[in-house]
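The values are calculated or read from the model by the stated rules, or taken from the named source; none is laboratory data. Everything numeric here is computed off the predicted structure, so don't read it as measured data. Neighbour counts run over all protein chains shown; Cβ positions are idealised from the backbone, glycine included. These area figures cover heavy atoms from the full protein model, side chains too; ligands, DNA and RNA do not enter into them. Shrake-Rupley method; radii C 1.70, N 1.55, O 1.52, S 1.80 Å.
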Amino acid sequence: MNAKLKWVSLSGLLLIAMNCSAFDLRQSLKDKLNTDVPQINPKLVEAVNVVKEARGPDEEEEIAIGRQISGNLLGAAPLVKDAKLQKYVNQVGEWVASQSERPDLPWHFGVIQSEDVNAFAAPGGYVFVTLGLYRLLQNEADLAGVLGHEIGHVIRKHHLKILQQSQLVDAGGKLLSRQVGGDDKIQNLIGNGAEIVARGLDKDAEFEADRIGVVLATRAGYDAYGLPGVLQQIGHFAKDDGSIALLFKTHPLPDDRLDKLDSAMEDRFDRIKGQTLEKRFYRVKK
Ligand SMILES: [Zn+2]
């Protein structure tokens, strides 16, 4: 510490000391304690509670809800036992999610053991792709697009909002799942949560997730046409193909999604040279 600084800090201490002696701290505290604490208007308390209820679950609660629902999903279809595959999907997913407005969620990605063609998202950053859908992908840009769509559902809280509306999450935002402890009624509610995740959303939420998927994948450096390419492939499935029945039931038809994407994208993505990373794409054994 140089001499000048020393002087400044010393004079500061002196000032504080002088201030303390200028008034009686103990008396001042005593006076404060003796004055009546004003009553808080109960109407104000009520208003604060209303705002709190409208706010919905906070992030910690959102993640806990997602974790419970994901547990249920994984109970029905476990993760594919291929550590390299899971690690790869997590790396791609986390990179795409890092381009979103919620990069700090504890993102989890997984490929689940099901030959159906489908993908799911649960609140708080949980994203699952079926093995059947994964097998359709040609390259990493396709995977990024599909994951980007599900990430879109998470960041826009599409499922969380439905859970709230259906009162699986109570008015104060406290999740009913937190009370789990062998209570059948509560378990059923979480079961319903998983069902909502599997049942799908309204068309507008799906179109929005498609747009977000394309934007995030492009921002991450991938070819923008990954997701549209996958939608095209899905569109070629026979309508009565059992492996895709649930996806068709829960999503707008691929042609409608492609039309919407086409008018949203126009030609703005044509000049962006994204990567497909076909060689790096992890292929699963038959
Ligand atoms: Zn979707």
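PRE reach from Glu266 (point 7 Å along Cα→Cβ): which of the range 214-229 fall under 14 Å by backbone N?
Counting backbone N atoms under 14 Å from the label point, the list is empty.
Which whole-number percent gives the relative contact order of the range 217-286, counting Cα pairs below 8 Å spaced six or more residues apart?
48
So how much slack lies between Gln165 and Lys286, counting 0.36 nm per residue of separation and subtracting their Cα-Cα distance, in nm?
Length gained between Gln165 and Lys286: 39.4 nm.
Please give, to one decimal in nm, the separation of the simple spin-label points placed at Lys84 and Arg26, each 7 Å out from Cα toward the Cβ.
Between Lys84 and Arg26, the simple spin-label model gives 7.7 nm.
Probe 1.4 Å, all protein chains in place: accessible area of Thr218 in Å², nearest 10?
Its accessible surface works out to 20 Å², give or take rounding.
Protein chains only, probe 1.4 Å: how do Trp95, Trp107 rank by accessible area, largest first?
Trp95, Trp107
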